[in-house]
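The values are calculated or read from the model by the stated rules, or taken from the named source; none is laboratory data. As the structure is a computational prediction, the values presented were derived from the model and not from experiment. Using ideal geometry, Cβ is built from the backbone for each residue, glycine included, and neighbour counts are taken over all protein chains shown. For accessibility, only protein heavy atoms count, side chains too; no ligands or nucleic acids. Shrake-Rupley method; radii C 1.70, N 1.55, O 1.52, S 1.80 Å.
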Amino acid sequence: KTTRLFLIKKDLLNQIKALGESEGATLFMTLLTAFQVLLCRYSGQKDIVVGSPIANRHYEEIEGLIGFFVNTLALRTSFKEESFKEALRRVKEATLQAYQHQDVPFEQLVDYLQVPRSLNHNPIFQVVFALQTVGGSPLVLEGLDISWVGSHTHVAKFDLSLVAFESSEGLELGFEYASDLFEGETIERLAGCFKTLLEGIVEDPEVSIEKVGILSAQERHQILVEWNATEVTYPEDKCIHELFEEQVVRTPDNIAVSYEGEDLTYQELNERANQVAHYLRKLGVGPESLVALSLERSLELVIGLLGILKAGGAYVPLDPSYPDDRLQFMLEDTQASVLITQQELRGKFKGYEGRIVELLGEAQEEIDKESKENPEVKNQPEHLAYIIYT
């Protein structure tokens, strides 16, 4: 376990007290509400349960007895779209109800709810909040010199515990956390967010709990400005298939495309697209040439599209689900000289007079004979890439 200490200055503490008093709530209730709101915002969960120890000496007869009467309360709040003041009122009500049943041992509650036990976390809640109010003059006993000795434990009892106590300087906050789960920097950010949240609610208690700020000005600038400064110079002198070829060199064995259990690496996709490109070049395809592409969803669809670009041509996608008349109009309108398709779809293009290239069909044997090297086509970024009908 590890503990980090933080300080809420007296001015802010007094404002927090005044906010609670305006709603008839104690400092404990106000801080608990703020802490639960912080957990809600941090986790994205609306239903928050926080444990809290209670002295359990509410009967006059046992106030003076020596013994261990401490019990643990599970304080649950289900947040909704509401202001902090509205949330404080509900937490106040839930806390008062919990006080009425503080005699019920926590272990009995766990057994009654039949919560599954686990060795790696506490049942019902994993986060604890406590406000220590014991203070004042040191204990004086006749014949004894008494001094405070701090306690040291090496194991965190819960995933995260926040213990607050008032001092002459303000409100001391001690975050005890399981070092297996949290890093020190994370807890420092959490404490900073808690302080920012407290400042926000005292400034405007009617603020929505979903909108109250939890980031400091520096953190907001880092997220909104520094981390968004991602502008880079795009290589405007290169075509998209050339950028793809550069990626092939970087990661030739990485998976580039997958479909129904079949995969192609960047190297394999590049080589097959190159063969299509060389074949199309022999058919006269080059810059500004239009090549229609009508294939069912498949690996060949990607191979054909990339092959057209590598040949220097522009592709015209024809959705096989379109009516035949619509497809015929698009072919006539573009006057595409080459159509890449598959045998099962050939019947949809009976009136087409250009060259039909069937991938995995009659043309595949010739395509497989072509070179796998990148074709030397000097396309310019200004050349046509595709025509699409919307």
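Note: region 250-314, Cα convex hull, 74 Å³ per residue.
Translational diffusion coefficient of region 10-67 (Stokes-Einstein, Kirkwood radius from Cα pairs, 10 °C, 1.306 mPa s): 114 µm²/s. Computed from Cα atoms, the angle from the helix 27-43 axis to the main principal axis of the chain rounds to 20 degrees.
So, R0 is 51 Å and r is the distance between the beta-carbons of LEU113 and ARG346; what FRET efficiency does that work out to, to 0.05? Provide the component values of the computation, followed by the final result.
Working: r = 67 Å, r/R0 = 1.32.
So, using R0 = 51 Å, E works out to roughly 0.15.
Close amide-amide hydrogen proximity is noted between ASP159 and ASN122, each under 5 Å apart and 5 or more residues distant or on a separate chain (H modeled in the peptide plane; Pro and chain starts excluded). Rolling a 1.4 angstrom probe over the chain with all protein chains present gives an accessible area of which 50% lies on carbon and sulfur atoms. Accessible surface computed residue by residue for region 313-383, with neighbouring protein chains in place and a 1.4 Å probe, gives 61 Å² per residue. Label positions at THR390 and GLU199, each projected 7 Å from the Cα along the C-beta direction, are separated by 4.6 nm.
When the helix-only estimate is applied to the chain (DSSP H runs of n ≥ 4, each -39,500 (n - 2.57), divided by the residue count), what is the mean residue ellipticity at 222 nm, nearest 500 deg cm²/dmol? Can you show the working numbers first?
On the way: 11 runs with 135 residues, N = 390.
Value at 222 nm, helices only, nearest 500: -11000 deg cm²/dmol.
Note on the chain: Rg/Rh from C-alpha atoms, Kirkwood Rh, equals 1.27. Separation of region 335-372 and region 35-84, taken as the distance between their Cα centroids, equals 73 angstrom.
For the listed peptides 221-232, 324-335, a ranking on the average number of other beta carbons within 10 Å per residue, highest first, reads 324-335, 221-232.
Relative to the globular-protein estimate of 2.2 N^0.38 Å, the Cα radius of gyration of region 273-390 stands at 0.98. Just checking the listed ones, ASP47, ASP253, ASP145: in the Gaussian network model of the chain with Cα springs under 10 Å, the one fluctuating most is ASP145.
Below 13 angstrom from the Cβ of CYS40, what's the summed charge of the other residues (Lys, Arg +1; Asp, Glu -1)?
Values: positive: ARG41, LYS46, ARG76, LYS80, ARG90, LYS211; negative: ASP47, GLU81, GLU82, GLU210.
Overall, the nearby charge balance is +2.
Relative to the dominant Cα principal axis of the chain, helix 299-310 is inclined by about 70°. Ordering LEU306, ILE356, GLN247 by the projection of their Cα atoms onto the charge dipole of region 231-390, which places +1 on the Cβ of Lys and Arg and -1 on the Cβ of Asp and Glu, puts ILE356 at the extreme positive end.
Taking Lys and Arg as +1 and Asp and Glu as -1, the other residues whose beta-carbon sits under 15 Å from that of GLN380 total -3.
Could you tell me which residue out of LEU144, LEU280, LEU119 lies farthest along the dipole of the chain toward its positive end? Charges go on the beta carbon: Lys and Arg +1, Asp and Glu -1, centred on the Cα centre. Most positive-ward Cα: LEU144.
Within the listed set GLU246, GLU142, GLU260, the Gaussian network model of the chain (springs between alpha-carbon atoms below 10 Å) gives the highest mean-square fluctuation for GLU142. Mean sequence separation of contacting Cα pairs (under 8 Å, at least six apart), scaled by the length of region 304-390, corresponds to a relative contact order of 40 percent.
For LYS17, a cut-off of 20 angstrom between C-alpha atoms picks up these lysines, skipping any fewer than 8 places away in its own chain: LYS9, LYS85, LYS92, LYS195. Each peptide in 348-360, 178-190 was scored by the mean count of other Cβ atoms within 10 Å over its residues; highest first, the order is 348-360, 178-190.
Using the structure shown, select from LYS10/LYS157; LYS80/LYS157; LYS282/LYS348; LYS238/LYS282; LYS238/LYS372 the pairs with a Cα to Cα distance greater than 27 angstrom. Don't jump to the answer; show the numbers that get you there.
On the way: LYS10/LYS157 30 Å; LYS80/LYS157 30 Å; LYS282/LYS348 25 Å; LYS238/LYS282 24 Å; LYS238/LYS372 21 Å.
Listed pairs above 27 Å: LYS10/LYS157; LYS80/LYS157.
For the listed peptides 305-315, 264-274, a ranking on the average number of other beta carbons within 10 Å per residue, highest first, reads 305-315, 264-274. Please determine, in degrees from 0 to 90 and to the nearest 10, the orientation of helix 184-203 with respect to the longest principal axis defined by the Cα atoms of the chain, where the helix direction is its Cα long axis. That works out to roughly 70 degrees.
Could you give the size of the charge dipole of the chain about its Cα centre, using +1 on the Cβ of each K and R and -1 on the Cβ of each D and E, expressed in debye and rounded to the nearest 20? Don't skip to the answer; put the middle values down first.
Details: 35 positive and 63 negative charges, 138 e Å.
With only Lys, Arg, Asp and Glu charged at Cβ, the dipole is about 660 debye.
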